[in-house]
Every structure is written in C-alpha cells, then in structure tokens.
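Peer 1: Pasting in a structure now, in structure tokens, and then I'll have a few things to ask.
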Amino acid sequence: MNKERYKLVALLVATLVGIEYLGGSHLHPGFFAWFGFASCVILVIVALLLGKVIKRKDSYYHD
Amino acid sequence: MIDITFSPALVMVLGAALLWVTSGTLRKTIALFLPLLTLVLIHTASSGYSTVFMGYAVEPFHLSALGKLFASTFALMAFGGMLYAMNQASRNEMTACALYAGSAIGVSLCGDFITLFVFWELMAIASTVIVLSGNTDAAYRAAMRYGIVHILSGTLLLLGIVATVASTGDASLRALSLDSPYVWAILAGFLINAGAPPLSAWIADAYPEASPSGTVFLCAFTTKAAVFALLSVFAGTEILIAVGLYMIFYGIIYALLENDMRRILAYSIVNQVGFMVVACGIGTTLAINAAAAHASVHIIYKGLLMMSAGSVLLMTGKRKCSDLGGLYSSMKVTALCGMVGAAAISAVPLTSGFVAKSLINASAQEAGMTWLWIALLVGAAGVFLHAGIKFPWFVFFNGKQDQPLAKTTIEAPPNMQLAMLLLVFICILIGLFPAAFYALLPYPVDYQPYTLLHVIEQSQLLILSAVAFFMMLPWLQRTVTISLDLDWFYRIPIPHLANNISALIAKQYHKCAQCADPLSLLSRHWSQLPRSAFASVPLSALLATTFAVSIALLLFIYYI
C-alpha cells in the first residue's frame, strides 16, 4: 500500500474516532481501532509460530 | 393454515427418490420444487403431529419458533443449492443432497429424541454419499474418514438417547442437565457433528473433497443441525463457552495457515460455529436468539462463499490459493458475490452478519462476561482477517491480473450466478431490515443494531484489521502446505499400529495353518484338491476324531 492510500485511511479512521468521541462511547475513543489492529497482528504472529510446528508438505497424508 | 400429519421434511426425504428416477429438465424442476413446497408446508402448518412409537410418545413434527427458523433457512438454502447444482451434479449427488437437506429439516422440526436420531443418521449417510460423489481417490478416502467420524457420533448419540429415554420414560426433546454419563454421550454426539475439538478436523478434511455443488450443501446442514440440537437440549451449559472459544480461535489460526481456498472456508465454518456454541453456552434468552440468528445468517452467507469458491473451482480446475489470483477481471459476478459473502461473515454494516453477530456480543455484555466479550472481539477481528479479506484477496486479486489463468477463465454458468445472486439478495435484505428478521427469532428482541456508535466502532475494527492484513501480507503469502491437526492420531500411528498387529496375527495364523494343513487343502477350491486328498490320513483322521468326540460329548451331556 502506498503513502497516499495510508493517508486516506488514516483520515477516515480519524474521522470515525472523532465521531465516536462526540457520540459518547463508554470506552475511550479509538479503542476498537487499535484493538482490531493489535488482535490481527497477534493472531498472525501466533499462526506463524504454530505454523512452524504443524505445517507439512501438501502430500503428507497421501496414503 | 392446514393440518398435516407428517413432517414437512418428508417432502424432500421421499422426494429424493423422484430425483433418482427422473432426468433432464423434469429432474431439475422437481429439484427446485421440493424445497419450495417444504417451505410452504412449514409456514402453513397449523400444528405439529404426535404419535406413539414403541410405547413412547413421540412428536415427529413439532412447531416451535426455533425449529421454524432453522427449517426455513435450511429449505431456502436447499433451493439455492439445487439451483446451483442442477446443471452439473450427478444423479447420486442430487439425490443425496435432497435426502441430506430433508433430514436436516427433519431434525429441526422434530419434538423428540427418537425422530431426531433417525433424521440424524439419515443426514450422516446422505452427506457421506455427497463426499463420495466428489469422484476422486481423495474423495473416497475422505468419505471413509468422514463416515467413521459420523458413525462414532451416531453411536454415542444412540447410547445416550436410549439410556436417557429408557430411564426417564420421556422421549421428548427437552433441556437436559449433565448429571449422567449418558447425557454426556448425547452432548458428545452433538458436539462431534458441530465440529468441536478433539474431532474438528473432519470438516476441513472432507468438505473440500466434494464437488463444487456438493460442498455448498455439505457446509450448510450438519453443523447447523447440531447447533439446533445444542440449543434445544444444552442451552446454558457452561462448558460450551470454553469449547466454543477453542473452535473460534482454532478456525482462525488454521485458516490463516491454509492454502486450499475451500479448506480456508471449511476452517471458517468451525470458527463461526464456535461463536454459536459460545452463545449457546451463555444461555440467556438474548444469547439463544443470538445463536439462532447467527446460525441462520451463517447458513446463507457460508453457502454463498462456498458457491463462489465452487464456481472458481469449476471454471479453473484449481483449488489452491497459490495457483489462483487475479480472477476479478474475468469472473466479476463470482468475485462480487464472494465479496458480499465475505462482508457478511465479517459483520460489515448493511449485511446480515452485522445484524446477527452483534447480538452475540450484546449477549456476552448483558451477561456481564467482560473477558468473554473481549475474546469475542478478538475473534471478530480474526474473522475479517481469514475470511473477510484473505479468501477474496488471494482468489480474486493478489496482483495476478496479468497471469494466463486470470485472462483465460470465463464466468460461471448462469444458474450458478443466479443462485449466488439470490443468496446475496437475502444477505443484504436481512442487513437492511433487521427488525423483520428479529421477528423470526424464538424470543422477543429488544436490540437495535444500527446505532451510530455501533456502526462507527465496527467500522474502526474492520478498517484497522484490513490495514494489519495488508501490512503483514508478505508473511501471509501462500505456501503449498497443510497444517497437522488432531486427526493425525487416527491417520498415522493408530492405522500403522493396527497394520502391524494384524500382520503379526496373520503370520502366527499362517504358521498354525501350515502345521495343521500342510497341503493347504482347507484353503483350496474343491476342484483343485489333489486326487489323494481324502486318502490324506492325518487330515481325515483329525476330522473324524473331531466329529466323534463332539457327538459323544453331546450324547453324554444330553443323557446325564
């Protein structure tokens, strides 16, 4: 993703966070944004680590 | 309103025979007509139907709001599936699909354990035939494993049901508490069919081996019928929360590692059923509503995703993400329908998934389970990651528009496109009119999904999950691998052990046989016996002595 797209997305997210703050959520504004990002990063890392243990070639089970 | 004295499920179960004996346009017409007739009967029947079987009061047709919702969604999905399958499915497959859908409807419309068991086993048989109809060597082997797992679940279920019904004298489908090992056996039977650990691997193992249309049917019925059973019998059972959470993350992690596009979707089934199982475990009226709502929208959008993947498989012959990509330009309808399905599963606002998923989160919040709510939120981000973006990206985009595959593929046939568009229509319709959908749920719903705050929060979650996906894309590129699962234990060590033991036994038996019958007389065809066989003294002497001793013993015992 190039810089322009990142800027657009950042703008969009900032708008959303702003509206959320004005809308009065009982959680701090931007919570869902960073939580979603962090969850995905952690899930991918866990998947890659587990993959090192359980991945095998496609033909592993060919009886 | 009419009074019918049979379960509407029988329309498709018996109608499957019509599909077997007809062909061509007549068969296609019947295939489309049967689910519609079932749907009409479900909604015009005024009451159920009870009878007595072997001394127990049974209710083969029981009208409940929960049952009607599941049965209607099954019937609708059966219609879409038949529309999708009608031009390329074999006779065996279409018959099995009708039997399978009909049995699932039968499970959701039954009021007692005995009827449930009958339809449950019919589902198992029919679905094994569907896997077999994939018609490849891999499909045959996968069908054997699938059959074995379902025989196990059926046996556990039978054990539990027989013991429970016999000891209480009451066969009606009702909530049971886990106070006897037989009730645990029933729970195990339901959970195996739902794809719970340790036997979750059968879904990703068997479903992708079926034909494009076969998998569309397979993904919609067994697991959701199991969810219906869990909701009817084990709602509020706390252990289900832990089981469901395992399923949610198992599905995400394995799907992230997977290369085969339909296996990704199969792991996604386990993930989504995990959400339903968690809601069933919470057990409040909102949670039961949530599980039922999620199950019905899932049937539709998972069917849509599998249709999209099936179309790609049919037109390209390829199933691995490493071989696919860039198909958006040549298969626009399939791609767009797949993307709507992906949006629905990710709970993008304006889709059916948003309307249903929100109920699950709300039920966790209402029950005061904050940690569970956080775990479900992580799960929601993960769903978007593995199904919402990964599947469409690697199949339809991934920067491969200029490759030969992308340029030479043509769009799927019109009936398949129509089937996908029908399901897209339903996904969006439910997304736009949540109140009408909530009216179908078993308990009244006092929840408004389209609040500004909720839409904003969900959008933040999804957008930043997408950002994370694209930032980590280099690490997520496909490898031509599979991921080992707990089914390894019954696929490698146990068969090898069994083979070794039987080889050992065979060797010993062979030694004994050589000793007792050195001329191999007992194992030869009578025409191959040597002329002097009956002059072979040791053998005839042995036979004669055995007879004599046996008769002597009999006479001795009889007269003493």
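Peer 1: Of the conditions (1) over 25 Å from B:G303 (Cα atoms); (2) within 29 Å of the chain's Cα centre (by Cα); (3) among the acidic types (D, E), B:E411 clears all except one; give me its number.
Peer 2: (1)
Peer 1: From the list B:L83, B:L116, B:L99, which one is buried (at least 20 other Cβ atoms within 10 Å of the Cβ), at pLDDT 95 or above and over 18 Å from B:P35 (Cβ atoms)? If you could, list the steps in order and put the result at the bottom.
Peer 2: Details: B:L83 fails: over 18 Å from B:P35 (Cβ atoms); B:L99 fails: over 18 Å from B:P35 (Cβ atoms).
None of the other options fit; the residue is B:L116.
Peer 1: Still on this structure, please answer the following. Do the conditions hold for B:H496, that is, is it exposed (fewer than 11 other Cβ atoms within 10 Å of the Cβ), at pLDDT 80 or above and within 30 Å of B:R262 (Cα to Cα)?
Peer 2: yes
Peer 1: So B:M315 ticks every box in (1) under 23 Å from B:V424 (Cα atoms); (2) over 18 Å from the mean Cα position of the chain (by Cα); (3) crowded, with 24+ Cβ neighbours inside 10 Å but one. Which box is left unticked?
Peer 2: (3)
Peer 1: Show the residue pairs meeting these rules: Cβ distance below 6 Å; 6+ apart or different chains; first residue within the range B:396-410 and in contact (Cβ under 8 Å) with a residue 12 or more places away in the chain; second residue not in a loop (DSSP other than H, G, I, E, B).
Peer 2: Between residues of the range B:396-410 that are in contact (Cβ under 8 Å) with a residue 12 or more places away in the chain and residues that are not in a loop (DSSP other than H, G, I, E, B), the close pairs are B:F396/B:A335; B:K400/B:A406; B:T409/B:M315; B:T409/B:T316.
Peer 1: Just give me the residues in the range B:450-473 being surrounded by fewer than 21 Cβ atoms within 10 Å (Cβ to Cβ) and more than 7 Å from every other protein chain (Cβ to nearest Cβ), in sequence order.
Peer 2: B:Y450, B:T451, B:H454, B:V455, B:M471, B:L473, listed by residue number.
Peer 1: Which of the residues spanning the range B:135-149 are in a helix (DSSP H, G or I) and over 16 Å from the mean Cα position of the chain (by Cα)?
Peer 2: Across the range B:135-149, the qualifying residues are B:D137, B:A138, B:Y140, B:R141.
Peer 1: Same structure, new question: Quick one: in the range B:424-449, which of the residues that are more than 20 Å from B:L336 (Cα to Cα) and part of a helix (DSSP H, G or I) is farthest from the other protein chains (Cβ to nearest Cβ)? Let's see the steps before the verdict.
Peer 2: First, the residues of the range B:424-449 that are more than 20 Å from B:L336 (Cα to Cα): B:433-449.
After this cut, where a residue has to be part of a helix (DSSP H, G or I) as well, the list is B:434-438.
Working: B:P434: 20, B:A435: 22, B:A436: 26, B:F437: 24, B:Y438: 23 Å.
Out of the qualifying residues, it is B:A436.
Peer 1: Also, quick follow-up: Of all helices (runs of 4 or more DSSP H) completely enclosed by the range B:359-413, which ones contain at least 1 residues that are within 13 Å of chain A (Cβ to nearest Cβ)?
Peer 2: Because the criterion is at least 1 residues that are within 13 Å of chain A (Cβ to nearest Cβ), the helices (runs of 4 or more DSSP H) in the range B:359-413 that meet it are B:370-383, B:391-396.
Peer 1: Which is of a type in the set (A, V, I, L, M, F, W, C), surrounded by fewer than 24 Cβ atoms within 10 Å (Cβ to Cβ) and more than 16 Å from the chain's Cα centre (by Cα), of B:L132, B:L152, B:L76, B:L157?
Peer 2: B:L76
Peer 1: Every residue in the range A:1-32 that is at the interface with chain B (Cβ under 7 Å from one of its Cβ atoms), over 10 Å from B:I456 (Cα atoms) and assigned to a helix (DSSP H, G or I), please.
Peer 2: If the condition is that a residue be at the interface with chain B (Cβ under 7 Å from one of its Cβ atoms), over 10 Å from B:I456 (Cα atoms) and assigned to a helix (DSSP H, G or I), then A:V9, A:L12 are the ones that fit.
Peer 1: Using beta carbons and a limit of 8 Å, which pairs, at least six apart or on different chains, have the first residue in the range B:344-355 and touching a residue at least 40 places away in the same chain (Cβ under 8 Å) and the second one part of a loop (DSSP other than H, G, I, E, B)?
Peer 2: Partner pairs satisfying both residue conditions: B:A344/B:T351; B:P349/B:Y450; B:G353/B:S346; B:G353/B:A347; B:F354/B:A347; B:F354/B:V348; B:F354/B:P449; B:V355/B:P449.
Peer 1: So which residues in the range A:48-63 are facing chain B (nearest Cβ under 7 Å) and either assigned to a helix (DSSP H, G or I) or of a type in the set (K, R) (or both)?
Peer 2: A:L48, A:L50, A:G51, A:I54, A:K55, A:R56, A:K57
Peer 1: Residues of the range B:9-38 being under 16 Å from B:N87 (Cβ atoms) and among the hydrophobic types (A, V, I, L, M, F, W, C), which ones? Spell out the reasoning first.
Peer 2: Step one: list which residues in the range B:9-38 are under 16 Å from B:N87 (Cβ atoms), which gives B:19, B:22-32.
B:L19, B:L26, B:I30, B:A31, B:L32, listed by residue number.
Peer 1: Additional query: Kindly list the number of the only condition in (1) away from chain A (no Cβ under 14 Å); (2) out of contact with any Gly (no Cβ under 9 Å at 6 or more places or on another chain); (3) of a type in the set (V, I, T) that fails for B:T136.
Peer 2: The failed condition is (1).
Peer 1: Next up: With surrounded by 16 or more Cβ atoms within 10 Å (Cβ to Cβ) and more than 24 Å from B:S213 (Cα to Cα) as the only criterion, which of B:L18, B:L63 stands out?
Peer 2: Residue meeting the stated conditions: B:L63.
Peer 1: Residues of the range B:23-49 being among the polar types (S, T, N, Q) and crowded, with 16+ Cβ neighbours inside 10 Å, which ones?
Peer 2: B:T38
Peer 1: Please state which of the following conditions A:I45 fails to meet, knowing it meets all the rest: (1) surrounded by fewer than 17 Cβ atoms within 10 Å (Cβ to Cβ); (2) within 7 Å of chain B (Cβ to nearest Cβ); (3) not acidic (D, E).
Peer 2: Single failed check for A:I45: (2).
Peer 1: Looking at the range B:360-375 only, could you name the residues that are crowded, with 24+ Cβ neighbours inside 10 Å and of a type in the set (A, V, I, L, M)?
Peer 2: B:I360, B:A364
The values are calculated or read from the model by the stated rules, or taken from the named source; none is laboratory data. These numbers were taken from a predicted model, which means no experiment stands behind them. Ideal geometry is used to build each Cβ from the backbone, glycine not excepted, and the neighbour counts take in all protein chains shown.
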